[in-house]
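Structure record follows, encoded as structure tokens.
FYI, it's all coordinate maths here, none of it is from the lab. Note that the coordinates shown come from a computational prediction; the quantities given were computed from them, not determined experimentally. Glycine gets a Cβ as well: all are built from the backbone with ideal geometry, and neighbour counts include every protein chain shown.
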Amino acid sequence: MQIKLTKKEIEAREWDYEMVERACELFRVHGFLSITNLFSPEYIEGLYAHYFSQLSFSEDGSEILNATRVGDRRYHVPLEFKEPFDAPEIYANPFLLKLFDRLLGSSFRLSSMGSITALPGAAEQHIHDDHMPLFEELRALGGVMPPFGITVGIPLVDVDLVNGPTAVWSGSHLMYPTDLKMASYCKFLLQGAVGACHFWDYRVFHAGGANLSSEPRPLLYLTYLRNWFKDSVNPDAMKISKEAFEALSPEVQELIDPVRFRFPG
């Protein structure tokens, strides 16, 4: 499911009322949504140039040395909360915050930020959700419960069938699948040009695609959670200097989960 911001919305930096209501409804039904033009292509290309310059590769290019391997030629690259990834445009984007205020309640928090990069030749990822239902014994009631966490994915390159779009299974957040072949759900592929942003319910089943191209496919991710929910399944934390944190506005400090953002040293 995808929507496109209008020129008027982009200039005003604010949703049209009917559009934001439609976006929330699509998300609740399908468990995911894509905004095809949330960012300018030039902005994302700048992020990619900086990101790529920070990576350290093995001599044959088959490994990222300053990252953690999380799958076949797939790496988790930690990010520090500093330029250019400390821009509110990324973590406090007004369009996303407006949606999440409706979907997660007004006291949600930014829990993590990082990146996953699939190197050339990376195999298709296993199908998984980001967190199991809150109550294992009540999985059948998942459909009546609102989301408690949302993952945001921002591709730093164009994504197509060759370099491996993320696959999501519509509606899999409403009834916990008993068959991971996912035969009962419609599969959608999150692909498109840079500037797009995809986000999905923590409970939605998804999988990164195989990278059959000759270039890495990096995906910047952020997670937002209801303030009472503590994620023990995905324990990644993000470093932020004490000076950088204190320089943030009180509103932004309130957005950041102090448990998951830690001071280095």
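Using helices alone, I'd like the mean residue ellipticity at 222 nm for the chain: each DSSP H run of four-plus residues gives -39500 (n - 2.57), total over residue count, nearest 500.
The helix contribution divided over the chain gives -6500 deg cm²/dmol.
Using the Karplus curve 6.51 cos²θ - 1.76 cosθ + 1.60 with θ = phi - 60°, work out ³J(HN,Hα) for each residue of the range 199-207 in order, rounded to whole Hz, and write x for Gly and Pro.
8, 9, 4, 3, 8, 6, 7, 7, 7
In a Gaussian network model over the chain where Cα atoms closer than 10 Å are linked, find which of Pro155, Pro250, Pro165 has the largest mean-square fluctuation.
Among Pro155, Pro250, Pro165, the largest GNM mean-square fluctuation belongs to Pro250.
With N denoting the number of residues in the range 2-262, provide Rg(C-alpha) divided by 2.2 N^0.38 Å, to two decimal places.
Here the Cα radius of gyration is 0.97 times the empirical estimate.
What does the extension gain come out to for Ser106 and Lys230, with contour length at 0.36 nm per residue minus their alpha carbon separation?
Working: separation 124, 0.36 × 124 = 44.64 nm, distance 1.66 nm.
Taking 0.36 nm per residue and subtracting the Cα distance, the gain is 43.0 nm.
Quote the charge dipole size of the range 2-262 about the Cα centre in Debye, to the nearest 20; the model charges only the Cβ of Lys and Arg (+1) and of Asp and Glu (-1).
Details: 24 positive and 35 negative charges, 106 e Å.
The dipole of the range 2-262 has a size of about 500 debye.
About the Cα centre of the range 201-261, what is the dipole size in debye to 20, counting +1 per Lys and Arg Cβ and -1 per Asp and Glu Cβ, all else neutral?
220
Greater than 23 Å separation of Cα atoms is the criterion. Which listed pairs, Lys98/Lys187; Lys7/Lys98; Lys4/Lys239; Lys82/Lys242, meet it? Please report the intermediate quantities before stating the final value.
On the way: Lys98/Lys187 27 Å; Lys7/Lys98 18 Å; Lys4/Lys239 33 Å; Lys82/Lys242 11 Å.
Beyond 23 Å: Lys98/Lys187; Lys4/Lys239.
Sort Ile64, Ile150 so that the residue with the fewest other Cβ atoms within 10 Å of its own Cβ comes first and the one with the most comes last.
Numbers: Ile64 20, Ile150 27.
The most exposed by this proxy come first: Ile64, Ile150.
In which sequence would Arg28, Arg74 go, from the one with the fewest C-beta neighbours within 10 Å to the one with the most?
Listing Arg28, Arg74 from fewest to most nearby Cβ atoms yields Arg28, Arg74.
Can you sort Met238, Met113, Met132, Met1 so the residue with the fewest Cβ neighbours within 10 Å comes first?
Met132, Met1, Met238, Met113
Got the relative contact order for the chain handy, in percent, Cα pairs under 8 Å and 6 or more residues apart?
27
Calculated FRET efficiency, Arg13 and Thr68, Cβ-Cβ r, R0 30 Å, to nearest 0.05?
Efficiency for this residue pair is about 0.25.
Dipole of the chain (Lys/Arg Cβ +1, Asp/Glu Cβ -1, origin at the Cα centre): which of Leu220, Met19, Pro120 lies farthest to the positive side?
Met19
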